[in-house]
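Notes follow once the structure below has been shown.
The values are calculated or read from the model by the stated rules, or taken from the named source; none is laboratory data. Remember, predicted model here, so these are calculated numbers, not experimental data. Positions of Cβ are generated from backbone atoms using ideal geometry, with glycine treated the same way; all protein chains shown enter the neighbour counts. Each accessible area value is taken on the protein alone, full model and side chains, heavy atoms only, with ligands, DNA and RNA left out. Shrake-Rupley method; radii C 1.70, N 1.55, O 1.52, S 1.80 Å.
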Amino acid sequence: MRIAAGFLFAFGLPFLALVVWGVWSTRSTNRFFPGPLTIGEAFVDTWVGRAFLDDVLPSLYRLGLGIVASIVVGVAAGTVIGLFRWLRELLEPLLEFFRAIPPPVLIPVAMLLLGITDSMKVVVIVSGAVWPILLNTIEGVRATDSVMTETADSFQITWWERLWFLVLPASSPRIMTGVRQGLSVALILMVISEMFASSSGLGYRIAYFQRNYLIAEMWSGILLLGLVGVLLAVAFGLVERRVLRWYHGMREVTRA
């Protein structure tokens with residue numbers, strides 16, 4: 001019964017939205033908002049085949065590299081900055097300045113320095129996705145429980161053991177929050193970087209369809225981006241539950 005209720009809750013509203021959209025599209029004469037069946041046909045014709053290899057896979061490759069690089073840089077730099085108060089105070093104005101710069105405005109600079117390459121697009125993705133991971137890691141490390149830190153001092157635990165068994169686990173809920181936010185930013189910047197300067201990728205293909213008034217194909221690309229976002233969220237949820245098993249277990253015990 002609970003499974004059926006969860007299924008209805010998850011898929012009932014999207015199904016109702018599709019029905020309303022389909023009924024509305026049959027009565028509308030606006031060619032810029034085709035019906036779901038038309039978009040579904042365009043989706044199959046456009047993305048099942050050569051376009052998947054030429055556009056979808058390169059985009060996913062750049063997105064994956066950008067996410068991995070953002071996590072590595074954000075967690076590593078955030079841990080170091082969070083551990084040393086003097087370093088946080090020294091870098092705080094600089095971090096606030098660069099964080100305030102919208103990543104899309106860096107695309108022309110990246111194009112001049114790196115050219116129109118995959119590296120340029122990955123750098124653009126990292127320039128935006130790294131910030132939520134970095135800042136959440138800093139806050140998570142900084143907020144490590146003082147009692148646990150003093151206990152580690154009393155037992156003369158080595159620096160590496162303290163980092164691996166105390167600091168990183170204690171800050172992991174905040175780190176995972178930053179990664180969740182970074183995934184959304186990375187997906188957005190992947191599309192924007194491909195719209196500006198690319199000859200392949202989802203962003204390039206959607207802009208191409210828009211410029212050539214291939215409306216159903218354009219909407220099918222937007223639908224595909226939505227599906228990519230959903231798959232990223234599902235994959236992240238699975239990883240998060242595994243990484244934070246101890247944290248969710250503590251919350252359940254607390255609630256009980």
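Of the numbered conditions (1) part of a helix (DSSP H, G or I); (2) among the basic types (Lys, Arg); (3) at pLDDT below 90, residue 62 fails exactly one; give the number of that condition.
With (1) part of a helix (DSSP H, G or I); (2) among the basic types (Lys, Arg); (3) at pLDDT below 90 applied to residue 62, the lone miss is (3).
What pairs come up if the first residue lies in the range 33-56 and is under 15 Å from residue 206 (Cα atoms) and open to solvent by less than 20 Å² (accessible area, probe 1.4 Å), the second is at pLDDT 85 or above and β-branched (Val, Ile, Thr), and their beta carbons are under 7 Å apart, counting only those six or more places apart or on different chains?
Cβ pairs passing all conditions: 47/56.
Among the residues of the range 202-237 satisfying the criterion of being among the aliphatic types (A, V, I, L, M) and in contact with a Pro (Cβ under 7 Å, 6 or more places away or on another chain), which is surrounded by the most Cβ atoms within 10 Å (Cβ to Cβ)?
Among them, the one singled out is 216.
Is it the case that some residue within the range 136-156 is part of a helix (DSSP H, G or I) and within 25 Å of residue 190 (Cα to Cα)?
yes
Does the range 114-121 contain at least one residue that is assigned to a loop (DSSP other than H, G, I, E, B) and either among the small types (Gly, Ala, Ser) or without any contact (Cβ under 8 Å) to a residue 40 or more places away in the chain (or both)?
Yes, because at least one residue in the range 114-121 is assigned to a loop (DSSP other than H, G, I, E, B) and either among the small types (Gly, Ala, Ser) or without any contact (Cβ under 8 Å) to a residue 40 or more places away in the chain (or both).
Tally up the residues in the range 213-244 that are assigned to a helix (DSSP H, G or I), without any contact (Cβ under 8 Å) to a residue 12 or more places away in the chain and out of contact with any His (no Cβ under 8 Å at 6 or more places or on another chain), please.
Going through the range 213-244 one residue at a time, the tally reaches 10.
Any idea which of 177, 149 is of a type in the set (Ser, Thr, Tyr) and surrounded by fewer than 16 Cβ atoms within 10 Å (Cβ to Cβ)?
So the residue among 177, 149 that is of a type in the set (Ser, Thr, Tyr) and surrounded by fewer than 16 Cβ atoms within 10 Å (Cβ to Cβ) is 149.
Hey, among 82, 78, which residue is in contact with a helix residue (DSSP H, G or I) (Cβ under 8 Å, 6 or more places away or on another chain) and over 22 Å from residue 64 (Cα atoms)?
82
Considering each of 198, 220, 172 in turn, give the residue that is more than 15 Å from the chain's Cα centre (by Cα), among the polar types (S, T, N, Q) and at pLDDT below 90.
Sole residue among the options that is more than 15 Å from the chain's Cα centre (by Cα), among the polar types (S, T, N, Q) and at pLDDT below 90: 198.
Can you pull out the residues in the range 61-87 that are crowded, with 17+ Cβ neighbours inside 10 Å, over 30 Å from residue 160 (Cα atoms) and either free of Cβ contacts under 8 Å to residues at least 24 places away in the same chain or not basic (Lys, Arg) (or both)?
63 - this is the single residue of the range 61-87 that is crowded, with 17+ Cβ neighbours inside 10 Å, over 30 Å from residue 160 (Cα atoms) and either free of Cβ contacts under 8 Å to residues at least 24 places away in the same chain or not basic (Lys, Arg) (or both).
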